[in-house]
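Taking it in order: structure first as structure tokens, then the write-up.
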Amino acid sequence: MVLSELAARLNCAEYKNWVKAGHCLLLLRGCLQGFVAREVLAFHRGLLAAAPSLGPRASCRSGSQCSPRARQFQPQCQVCAEWKQEILKHHTNRNGDVHWGNCRPGRWPVDAWEVAKAFMPRGLADKTGPEECDAVALLSLINSCDHFTVDRKKVTEVIRCRNEIMHSSEMKVSSLWLRDFQMKIRNFLNEFKSIPEIVAAYTRIEQLLTSDWAVHLPAEDQRDGCEYETGVYLSESQVNEIEMELLKEKLQEIYLQAQEQDMLPEEILNRLQVVKEFLRNNKDLRNGLTEDLQKLDSLHLQHQKPDPKELGAQTPEGKA
Ligand SMILES: [Zn+2]
């Protein structure tokens, strides 16, 4: 029964905390999308104004030869070379990892979003706008692009929390952790006091984190009064949707780690097993994740038969 599975999960305070924290990330993403979209356009306009030679009349001369791969990009034409330089000039992490593989350099002169993706984490090549991105993608952009004037320490602290949520193998966080997360989110959002939609989201996030977060389960007739007073209710299907989004993001993260082989295959397998075990007991969530799990399984099978070409191509460093 769908209802009883959800009720059982939320009976575990630390799992409930995990879902709450994840819900905050979704609210954070929601309130950053519009802002990021506008700022990315402004950033692109600014670049073109300063260097008209990069504008729409410029176009890549090498076609498919100017194709980045993962962190590698060797431009084969003048336009892409200039663009690369310009992007690096504004990159706060220019000496570290830049995931050029996200971008189609031929589109840089006309598509602001293709430029923005050079400031984001790996695995976003197919995302065509901020509305398709998760919170960490948007936070990384704000952190890595000097167009955004914020206290970067406040951004990286939220990113670190997000990684802790996603990497929590048991999908649980303590109440103490959640309070700390709330403080970091508050510090970060305070940087955007002039952006109304961010200020509005801040109120919702604060309410969510300080409430007992009563989940409205029609079958349960015992609800205590204090939960009524907090006023934050979610329907069963809303909670389910949040859980599903979080698990999808978690699986995608495992997928990218497996793909780039920046973790031992056994470790990947362990993480995957924990999620699978969890889903075995929670059929209501499992059905929506079949595709994601299959994708991971087939990647894992590929890696069990190592391609000799790939053995020399492993990168020693960890993830971003
Ligand atoms: Zn080119």
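The values are calculated or read from the model by the stated rules, or taken from the named source; none is laboratory data. Since the model is a prediction, treat every value here as computed from it, not as a measurement. Cβ sites come from the backbone with ideal geometry, for glycine too, and all protein chains shown count toward neighbours. Heads up: the accessible areas ignore ligands, DNA and RNA and are worked out on the full protein's heavy atoms, side chains in. Shrake-Rupley method; radii C 1.70, N 1.55, O 1.52, S 1.80 Å.
Using a probe of 1.4 angstrom, how much of the accessible area of region 236-304 is carbon and sulfur, in percent?
Numbers: 1740 of 3620 Å².
Its accessible area is 48 percent carbon and sulfur atoms.
How big is the chain along each principal axis, measuring the range of its Cα positions in Å and listing the largest first?
Taking max minus min along each principal axis of the Cα atoms, the chain gives 69, 54, 27 Å.
With charges set only on the Cβ (+1 for Lys and Arg, -1 for Asp and Glu), what does the dipole of the chain come to about its Cα centre, in debye to the nearest 20?
Details: 41 positive and 45 negative charges, 263 e Å.
That gives the chain a dipole magnitude of about 1260 debye.
Using the basic label-point model (7 angstrom from Cα toward the beta carbon), what is the E5 to R280 distance in nanometres?
1.5
Which whole-number percentage describes the relative contact order of the chain, with Cα contacts under 8 Å and a sequence gap of 6 or more? Spell out each step's value before the answer.
Details: 342 pairs, mean separation 57.9, N = 320.
So the answer I get is 18 percent.
Please give me the summed charge of the neighbours of H44: other residues whose Cβ is under 13 Å from its Cβ, Lys and Arg +1, Asp and Glu -1.
Values: positive: R38, R45, R107, K117; negative: E39, E86, D111, E114.
So the surrounding residues net to 0.
Please give, to one decimal in nm, the separation of the simple spin-label points placed at S237 and E164, each 7 Å out from Cα toward the Cβ.
Spacing of the two 7 Å Cα→Cβ label points: 3.5 nm.
Please identify every one of the trypsin sites (Lys or Arg not before Pro) in region 73-104 that sits in a loop by DSSP and has no more than 15 other beta carbons within 10 Å of its own beta carbon.
Details: sites: K84, K89, R94; in loops: R94.
Filter output for region 73-104: R94.
Taking the Cα atoms only, what angle lies between the long axis of helix 175-189 and the longest principal axis of the chain, rounded to 10 degrees?
On a 0 to 90 degree scale, this one is about 40.
Normalised by the residues of region 18-209, what does the relative contact order come to in percent, with Cα pairs under 8 Å and at least six apart?
On the way: 229 pairs, mean separation 46.1, N = 192.
With pairs under 8 Å counted, the relative contact order is 24 percent.
By accessible area of protein heavy atoms, probe 1.4 Å, what ranking do R122, R186, R162 get, highest first?
Largest accessible area first, the residues go R186, R122, R162.
In square angstrom, what is the accessible area per residue of the chain with a 1.4 angstrom probe? Numbers along the way, then the final one.
Numbers: 16250 Å² over 320 residues.
Spelled out: the 1.4 Å probe surface of the chain, per residue, equals 51 Å².
Kindly provide the helix-only [θ] at 222 nm of the chain, computed as the sum of -39,500 (n - 2.57) over DSSP H runs of four or more divided by all residues, to the nearest 500 deg cm²/dmol? Write out the running numbers ahead of the final one.
Numbers: 14 runs with 190 residues, N = 320.
About -19000 deg cm²/dmol.
Among L247, H90, C145, whose Cα projects farthest towards the positive end of the dipole of the chain, with charges put on the beta-carbon of Lys, Arg (+1) and Asp, Glu (-1)?
H90
What number, in percent, do you get for the relative contact order of region 103-143 if the mean sequence gap of Cα pairs under 8 Å and at least 6 apart is divided by its residue count?
On the way: 28 pairs, mean separation 14.1, N = 41.
The value is 34 percent.
For a quick protection proxy, order the peptides 268-280, 13-25 by their average other-Cβ count within 10 Å, most packed first.
Details: 268-280: 15.6, 13-25: 21.3.
Highest-to-lowest ranking by the protection proxy: 13-25, 268-280.
Relative to the first principal axis of the alpha-carbon coordinates of the chain, what is the inclination of helix 2-11, with its axis defined by its Cα atoms, in degrees from 0 to 90 and to the nearest 10?
Approximately 90 degrees, to the nearest ten.
Roughly what angle does helix 290-304 make with the longest principal axis of the chain, taking Cα atoms, 0 to 90 degrees, to the nearest 10?
Orientation of helix 290-304: about 60 degrees from the principal axis.
Hey, got the dipole for region 1-51? About the Cα centre, +1 on K and R Cβ, -1 on D and E Cβ, debye to the nearest 20? Walk me through the numbers before you get to the answer.
Values: 6 positive and 3 negative charges, 24 e Å.
Using Cβ point charges on Lys, Arg, Asp and Glu, region 1-51 gives about 120 debye.
To make sure I understand the rule: partners must be lysines, Cα under 22 Å from the Cα of K276, and not fewer than 8 residues away in the same chain. Which ones qualify?
Straight-distance partners of K276: K16, K20, K172, K248, K250, K295.
Eigenvalues of the Cα gyration tensor times 5, then square-rooted: what semi-axes does that give for region 18-209, in whole angstrom, largest first?
On the way: eigenvalues 220, 62, 33 Å².
Those come to 33, 18, 13 Å.
I'd like the Karplus ³J(HN,Hα) series for region 240-246: coefficients 6.51, -1.76, 1.60, θ = phi - 60°, whole numbers in Hz, and an x wherever there's a Gly or Pro.
4, 5, 5, 4, 5, 4, 5
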